[in-house]
Amino acid sequence: MKRSLFGRLWPNVTAVVLFIGFVFPVYWMFATAFKPTGDIISENPVWFPTDVTFEHFRTATDVDHFWTYVTNSLTVTGLAVVFSLIIALAGSFALARMRFKGRRGFVIGFMLAQMAPWEVMIIAIYMIVRDASMLNSLVPLTLFYTMMILPFTILTLRGFVAAVPKELEESAMVDGCTRAQAFRRVILPLLAPGLMATSMFGFITAWNEFALVLVLNKDAEAQTLPLWLSSFQSQFGNDWGATMAASSLFAIPILILFVFLQRKAVSGLTAGAVKG
């Protein structure tokens, strides 16, 4: 009886501890953003802010070019996600449905590209962009973010395409559809969970990227929100209130995206990991 009770209890206790461990930093970030400066730097931590202030948010959003950063981040991230999905749909269909020489090598190549840290190429990327006279432009960021997202997107969608029975596609073609029409009308609707999972992953990856824009775009008009987060540090110290307020604003789009897509995203990640 005791063993049975312990067997049921320890997974729940472990889950609660992990939940607190993951959620507490997020709570502390948002709570600190609303605390007065005195409470933030106090030796005795203030766990629940009582004197709520919005001054740190005003400081964070009054930075020069703030709305330019927002526009640039949304533009680059959105385009990278859309481009990667379009390319990945074609690539995943080819890898899942077609048999051609070197197919296994392509899959291994995508896996290696996903595992390899792209930071090792940052010097080469800078030289390519510089020689093309495209520094301080959003175009290289969009292209390289698309390349960063693409391997994971193709590998995940490949599992979903492979899980769709070929008979559905063949039936549509017997009824008069072309292969492209069969893909659009039969397979594409069934890929919704995979599209949600990959688009969410791609959005987070591109939204959070810092090093590449730091190296390629020195002009404030071509920078994105991750660089805005670093603007509250100086040689005299950190403005922790403004930093936490900026971090909270930076995290809100991802939290909203997760709330709306989390069901299909979770099912998409698990299904894409075990199928195909």
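Here are the numbers:
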| quantity | calculated |
| --- | --- |
| Residues of the range 46-62 satisfying the condition of being part of a loop (DSSP other than H, G, I, E, B) and surrounded by 15 or more Cβ atoms within 10 Å (Cβ to Cβ) | VAL46, PRO49, THR53 |
| The one condition in (1) assigned to a helix (DSSP H, G or I); (2) without any contact (Cβ under 8 Å) to a residue 60 or more places away in the chain; (3) open to solvent by 10 Å² or more (accessible area, probe 1.4 Å) that CYS177 fails to fulfil | (1) |
| Checking ILE86 against (1) loosely packed, with under 14 Cβ neighbours inside 10 Å; (2) over 24 Å from PHE152 (Cβ atoms); (3) under 28 Å from the mean Cα position of the chain (by Cα); (4) β-branched (Val, Ile, Thr), the condition it does not meet | (2) |
| Among (1) in contact (Cβ under 8 Å) with a residue 24 or more places away in the chain; (2) open to solvent by 40 Å² or more (accessible area, probe 1.4 Å), the one test that ALA33 misses | (2) |
| Selection status of ALA124, assigned to a helix (DSSP H, G or I) and either surrounded by 11 or more Cβ atoms within 10 Å (Cβ to Cβ) or among the hydroxyl-bearing types (Ser, Thr, Tyr) (or both) | no |
| Residues (acidic (Asp, Glu) and either in contact with a Pro (Cβ under 6 Å, 6 or more places away or on another chain) or exposed (fewer than 14 other Cβ atoms within 10 Å of the Cβ) (or both)) located in the range 132-169 | GLU167 |
| Any pair with Cβ under 8 angstrom, 6 or more apart, that starts in the range 7-30 at a residue that is closer than 21 Å to LEU255 by Cβ and in a helix (DSSP H, G or I) and ends at one that is open to solvent by less than 70 Å² (accessible area, probe 1.4 Å) and not hydrophobic (A, V, I, L, M, F, W, C) | MET29/SER247; MET29/SER248; PHE30/SER248 |
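The values are calculated or read from the model by the stated rules, or taken from the named source; none is laboratory data. This one's a predicted model, so the numbers in the text were calculated from it and none came from an experiment. Quick reminder, even Gly has a Cβ in these numbers, built from the backbone with ideal geometry, and neighbours come from all protein chains shown. All accessible areas refer to the heavy atoms of the entire protein, side chains included, with ligands and DNA or RNA removed. Shrake-Rupley method; radii C 1.70, N 1.55, O 1.52, S 1.80 Å.
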